[in-house]
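Asker: The structure's right below; bear with me while I get my questions together.
The values are calculated or read from the model by the stated rules, or taken from the named source; none is laboratory data. Remember, it's a predicted structure, so these values are computed and weren't measured experimentally. Positions of Cβ are generated from backbone atoms using ideal geometry, with glycine treated the same way; all protein chains shown enter the neighbour counts. Ligands, DNA and RNA are stripped out before the accessible areas are found, and what is left, the full protein with its side chains, is counted by its heavy atoms. Shrake-Rupley method; radii C 1.70, N 1.55, O 1.52, S 1.80 Å.
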Amino acid sequence: MLFDWPPGRDPPQIQPHSKAKLVVLRNYLRAYFDRLNVGLGQDRFKLDLVDGFAGGGTFLDDGDTLISGTPLIMLEELAAARERLNAKRTKPLQFDCKCYFVDVNKDHADHLSKVLVERGYDPVGNDIVVRTGRFADEVDGIVADIRRRQPRSGRAIFLLDQTGFSQVELDLVGRILRDLRNAEVILTFAADVLINYLDNDPERVRGIAPLQLSVPDIRSLLADRDGAGGRAVVQRTLRDHIRHITRATYDTPFFIRPLKSRRALWLLHLSRHPTARDVMMQCHWATNNTFEHYGPGDFGMLGWDALQEPASLPLFNFAAMDAERMIAGLLDTMAQEVFDLASDGPVAIEGVRHALANRTAARFSDLDQVILQLFREKEFAILTPDGKERSRVLQHLRSKDLVSFPSTLLLPSFSRVHRP
């Protein structure tokens, strides 16, 4: 749906799927600030926040209740983090954060500037930038500014909440992730609209040019679009394609479907760092029954194997029952996966997490839980970084701990590992 902020009029009524996105963004920023500022030794925190489709800053909810849009949520969570993280510190943590809010519609940018002033912010100061223009035309200047501010870390979150599915070029996302070392991109797709739009007609092929899908790609999607697993097929095809074009190392590709809406919006979180991926995955679990996916949650969830019979794919809602099934599935397959990773020598726990993260809905804590259970079953040994064996009553894993397999299995007939 297109929102509009005409001059002198009330802001638009928010829709369920957009309201759900606001909840996710707020929860993610809160978890992000806490995760990156755990150590009390840190005294300065640099971050840039970019909203490429900022809108007018506020919405109406339930008739006449005014609620914050994404630019205000970014600013509110910055202020809340500053207060929360400094509550127990003797030396305050200094926040060095800059926000860039871009919208192609001048009425929207003007409304946003007005709202910012009303809330006590300075839209023309050093910490907040409001620009009118296409994000694609503004992004290079923003990235250059971030690199000047943060020449080493390049820590930034880009929210690209586009209308539809073709306003953001995938090459552009790739440039952001390439040029800024610690950048993350939260990108939305109107998944149902895309499924309905797909066609061999040359005009429609041109309409999805920003996605850089070839004609054979489109034909493959069309072949399964009307089947029971059509959305799952589209998701897996696009997910593989997007990762290839953007070169994102980590991603979370899930549908956001609020209970009061029949619309399915695809929320993609793309980054080059595993911690960012894990924080977003925790938000998916915390906002259960809003996100969904086709697949069982374990290693068959995000790959291609489940496409053999797409009509039989289960729906995954990040609920308690889904978690139980996911852990059970991981127990059946994790030992073999870890063996394959460690067959040439011990591998660090963080290496296991990073290697397997993109193939499952599991958080790092879930992967650790399964590794500990398999360790207690004596499938493998856990060593300290200097090679000493850890106790079988071990309760918590450290990222530098090592997983090691003996040269031969003690009881091979009872092992979950199948050696070549």
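Asker: How much length is gained if the chain between Gln212 and Gln162 is pulled fully straight, taking 0.36 nm per residue apart and subtracting their Cα-Cα distance, in nm to one decimal? Can you show the working numbers first?
Answerer: Numbers: separation 50, 0.36 × 50 = 18.00 nm, distance 1.65 nm.
Full-extension gain reported as 16.3 nm.
Asker: How much length is gained if the chain between Arg416 and Glu76 is pulled fully straight, taking 0.36 nm per residue apart and subtracting their Cα-Cα distance, in nm to one decimal? List each step's numbers first, then the result.
Answerer: Details: separation 340, 0.36 × 340 = 122.40 nm, distance 4.90 nm.
117.5 nm is the gain from fully extending Arg416 to Glu76.
Asker: Calculate the spin-label point distance for Arg219 paired with Asp344, positioning each point 7 Å from the Cα along the beta-carbon direction, and give it in nanometres.
Answerer: 3.9
Asker: Tell me the relative contact order for the chain as a rounded percent, counting alpha carbon contacts under 8 Å between residues six or more apart. Let's see the in-between values first.
Answerer: Working: 695 pairs, mean separation 50.1, N = 420.
In percent, rounded to a whole number, it is 12.
Asker: Okay, next question. Can you compute the modelled spin-label distance between Ile67 and Gln42, with each label point 7 Å from Cα toward Cβ, in nm?
Answerer: Taking the two extended label points, one gets 3.0 nm.
Asker: For the pair Ala31 and Gln13, how long in nm is the line joining their label points, each one 7 Å along Cα→Cβ?
Answerer: The two pseudo-label positions are separated by 3.2 nm.
Asker: Would you mind working out the accessible area per residue for the chain, using a 1.4 Å probe, and quoting it in Å²?
Answerer: Details: 19520 Å² over 420 residues.
Using a 1.4 Å probe on heavy atoms only, each residue of the chain averages 46 Å².
Asker: Separate question: Given only helices, namely DSSP H runs of n ≥ 4 each adding -39500 (n - 2.57), what is the per-residue ellipticity at 222 nm of the chain, to the nearest 500 deg cm²/dmol? Intermediate results must be reported in sequence, preceding the final value.
Answerer: Numbers: 13 runs with 173 residues, N = 420.
So the helix-based figure for the chain works out to -13000 deg cm²/dmol.
Asker: Moving to a separate point now. Just Ser113, Ser68, Ser214 to compare: in a GNM of the chain, with alpha carbon springs under 10 Å, which one fluctuates most?
Answerer: Result for the chain, Cα springs under 10 Å: Ser214 fluctuates most.
Asker: Can you check what the net charge comes to around Arg178, using other residues whose Cβ is under 11 Å from the Cβ of Arg178 (Lys, Arg +1; Asp, Glu -1)? Write down the numbers at each step before the final one.
Answerer: Working: positive: Arg175, Arg181, Arg247, Arg272; negative: Asp171, Asp179.
The answer is +2.
Asker: Same structure again: So between Arg178 and Ala381, what do we pick up on full extension, going 0.36 nm a residue minus the alpha carbon distance? Don't jump to the answer; show the numbers that get you there.
Answerer: Details: separation 203, 0.36 × 203 = 73.08 nm, distance 3.77 nm.
Gain in length upon complete extension: 69.3 nm.
Asker: Here's another thing I want to ask about it. What is the sum of charges, Lys and Arg at +1 and Asp and Glu at -1, for the other residues whose Cβ falls under 13 Å from the Cβ of Asp251? Show your work: numbers first, answer last.
Answerer: Numbers: positive: Arg236, Arg239, Arg243, Arg247, Arg272, Arg277, Arg359; negative: Glu184, Asp240, Asp278.
Residues near Asp251 contribute +4 overall.
Asker: Further, regarding this structure: How far, in degrees from 0 to 90, does helix 170-179 lean away from the longest principal axis of the Cα atoms of the chain, to the nearest 10?
Answerer: Rounded to the nearest ten degrees, it is 70.
Asker: Which part of the stretch 20-38 falls in the paramagnetic zone of Lys91, meaning amide N under 17 Å from the point 7 Å along Cα-to-beta-carbon?
Answerer: Label zone hits: 37-38.
Asker: Right, something else. Net charge within 11 Å of Arg30 by Cβ-Cβ distance, Lys/Arg positive one each and Asp/Glu negative one each, not counting Arg30 itself? List each step's numbers first, then the result.
Answerer: Numbers: positive: Arg26, Arg35, Arg84; negative: Asp34, Glu76, Glu77.
Charge balance near Arg30 sits at 0.
Asker: With N denoting the number of residues in the chain, provide Rg(C-alpha) divided by 2.2 N^0.38 Å, to two decimal places.
Answerer: 1.05
Asker: May I ask you to evaluate 6.51 cos²θ - 1.76 cosθ + 1.60, the Karplus curve with θ = phi - 60°, for each residue of the stretch 72-85 and list the ³J(HN,Hα) values in order in whole Hz, giving x for glycine and proline?
Answerer: Per residue, the Karplus-derived 3J(HN,Hα) values read 5, 4, 4, 5, 5, 6, 4, 5, 5, 5, 4, 6, 5, 6 Hz.
Asker: Would you pull out the residues with amide H under 5 Å of Val347's amide H, same chain only if 5 or more places away, H placed 1.01 Å from N?
Answerer: The list, which skips near neighbours in sequence, is Val403.
Asker: For the stretch 46-159, which whole percent of the accessible surface, found with a 1.4 angstrom probe, sits on carbon and sulfur atoms? Numbers along the way, then the final one.
Answerer: On the way: 2490 of 5230 Å².
About 48 percent, which is the carbon plus sulfur part of the accessible surface.
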